[in-house]
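Student: Supplied in structure tokens, the structure appears directly below.
The values are calculated or read from the model by the stated rules, or taken from the named source; none is laboratory data. Just so you know, these numbers come straight off a predicted model, no measurement behind them. Here the Cβ is made from the backbone with ideal geometry for all residues, glycine too, and neighbour counts use every protein chain on show.
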Amino acid sequence: MRFLFFSILISFNIFAQNVKKYTVSLKDIETEFGFQIEVRNDLQHTVVRKKFFTNQFDLEIPTGEHKYRFGIIGKNGEVYLWSSWSSLADNQFTGLFLVPNLLEPTNNHSLDISYTDSIQFKWTKIDKAIFYIFEIYQNRTFGETLVFQTEISKNFITLEQFDSLSEGKFTWQVRAVFPKESGIKNVFNSNRKHFYLYLSKPVKFSSPEDLIILSPKNQFVDH
């Protein structure tokens with residue numbers, strides 16, 4: 001009996017040494033019906049397939065090379081949308097796959113509005129998003145002010161005439177919106193980029209009141 005008990009302890013210790021513990025945290029996603037995670041080893045065998053209904057839990061995986069993906073469970077109880085496969089060694093459990101990647105303009109892009117009447121914004125498409133919320137904030141000394149917001153079904157938008165914008169620094173972001181049956185209630189994460197607007201030509205004003213009622217693009221630019 002002593003030998004048998006000792007053997008069980010050894011087997012348990014060997015098993016414990018071959019398991020690695022991960023903490024899965026998806027605090028940047030709010031869902032209604034939960035998540036599902038799937039883990040595969042280097043032989044493409046599924047070693048874990050588990051549903052969970054909290055934003056954080058512990059996961060024990062055998063040591064070795066693994067990749068994972070997680071999905072958002074929809075109203076019908078099935079996975080509505082999967083993330084892409086990632087290396088488990090990265091330990092990056094985030095909802096960024098639900099967030100558009102901002103393409104144009106590039107970060108900290110400067111635009112001289114003396115010579116142009118428009119600016120185009122582009123971002124990556126998000127699978128199964130029904131529309132996007134596009135927002136521009138103006139950066140001021142006391143914080144940010146929302147100066148433009150719209151809903152759009154395409155993954156690009158062109159702003160013509162900068163009536164709501166003046167010279168200075170701006171921040172833009174795009175949020176994807178999903179149907180109710182997806183179970184995705186909110187994504188507390190976003191990519192944000194900055195751009196600058198400026199006038200290289202001097203501006204003439206006919207009266208002091210023009211400084212208040214006219215935006216820089218509508219003011220007369222002396223060429």
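Student: Picking from G34, G74, which residue would you name as being in contact with a helix residue (DSSP H, G or I) (Cβ under 8 Å, 6 or more places away or on another chain) and either closer than 23 Å to V177 by Cα or surrounded by fewer than 17 Cβ atoms within 10 Å (Cβ to Cβ) (or both)?
Tutor: Of G34, G74, the one residue that is in contact with a helix residue (DSSP H, G or I) (Cβ under 8 Å, 6 or more places away or on another chain) and either closer than 23 Å to V177 by Cα or surrounded by fewer than 17 Cβ atoms within 10 Å (Cβ to Cβ) (or both) is G74.
Student: Taking the condition within 18 Å of N191 (Cβ to Cβ), at pLDDT below 90 and either of a type outside the set (F, W, Y) or assigned by TED's automatic domain parsing to the domain that holds F188 (or both), does G143 pass?
Tutor: No, not satisfied.
Student: On the basis of being out of contact with any strand residue (DSSP E or B) (no Cβ under 6 Å at 6 or more places or on another chain) and either without any contact (Cβ under 8 Å) to a residue 60 or more places away in the chain or surrounded by 11 or more Cβ atoms within 10 Å (Cβ to Cβ) (or both), does F53 make the cut?
Tutor: Criteria met by F53.
Student: Now, a different point. Within the stretch 157-186, how many residues are within 22 Å of Y115 (Cα to Cα) and assigned to a strand (DSSP E or B)?
Tutor: 9
Student: Here are some conditions: (1) β-branched (V, I, T); (2) closer than 30 Å to E65 by Cα; (3) surrounded by fewer than 16 Cβ atoms within 10 Å (Cβ to Cβ). T145 meets all but one. Which one does it not meet?
Tutor: (2)
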